[in-house]
Amino acid sequence: MTIYALDHVQIAMPPGAEEAARAFYGGVLGLTEQPKPSNLATRGGVWFTAGALKLHLGVEPEFRPARKAHPALLVRGLDALIARCTDAGYPPVPDEPLAGYNRVYVYDPFGNRIELMEAL
């Protein structure tokens, strides 16, 4: 047995919030929506991709945002993405420096923490 890669990351979202997820993850962050398989689409939620990245938002009936746990997304053009987030009403929050990266946190429409990192 060998674990060799990460297939996807799933983040929880509240029921009925797919349009807000599309607006933030697709519209602000620029990820591409991937159609969910028909047998899973009935559960709600939205799936996104960008290159090898697969980010799934799944409906959690008793949703609570992830304030500490988070995915860290590698980006190019962090300053431009910071401006887009700010303009859309999602102001990024700086954190302690991390060697080799510029990085910030942003909170999605549901309060989940997302880290945006750009290699120096």
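FYI, it's all coordinate maths here, none of it is from the lab. Everything quoted here is computed from the prediction, not taken from an experiment. Quick reminder, even Gly has a Cβ in these numbers, built from the backbone with ideal geometry, and neighbours come from all protein chains shown.
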(Q) Pairs please, first residue from the range 86-112 and under 28 Å from Pro15 (Cβ atoms), second anywhere and surrounded by 10 or more Cβ atoms within 10 Å (Cβ to Cβ) and acidic (Asp, Glu), Cβ atoms under 9 Å, 6+ apart in sequence or on different chains. (A) Tyr90/Asp108; Tyr105/Asp95; Tyr105/Glu115; Val106/Glu115
(Q) If I ask for residues that are among the small types (Gly, Ala, Ser), over 24 Å from Ala80 (Cα atoms) and in a loop (DSSP other than H, G, I, E, B), which ones from the range 1-30 would you list? (A) Ala5, Gly16, Ala17
Q) Give me the pairs: first residue in the range 4-31 and free of Cβ contacts under 8 Å to residues at least 12 places away in the same chain, second residue loosely packed, with under 13 Cβ neighbours inside 10 Å and aromatic (Phe, Trp, Tyr), beta-carbon distance under 6 Å, and six or more apart or on different chains, which are they? A) none
Q | Residue check for Val75: touching a strand residue (DSSP E or B) at 6+ places or on another chain (Cβ under 6 Å), surrounded by 13 or more Cβ atoms within 10 Å (Cβ to Cβ), among the aliphatic types (A, V, I, L, M) and free of Cβ contacts under 8 Å to residues at least 40 places away in the same chain | A | no
Q. Out of all the residues in the range 54-69, is one or more part of a loop (DSSP other than H, G, I, E, B) and over 24 Å from Pro14 (Cβ atoms)?
A. no
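Each row is one residue, and each column tells you yes or no for (1) exposed (fewer than 12 other Cβ atoms within 10 Å of the Cβ); (2) within 17 Å of the chain's Cα centre (by Cα).
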residue	(1), (2)
Lys68	yes, yes
Thr86	no, yes
Val93	yes, yes
Gly100	yes, no
Asp108	no, yes
Met117	no, yes
Leu120	yes, no
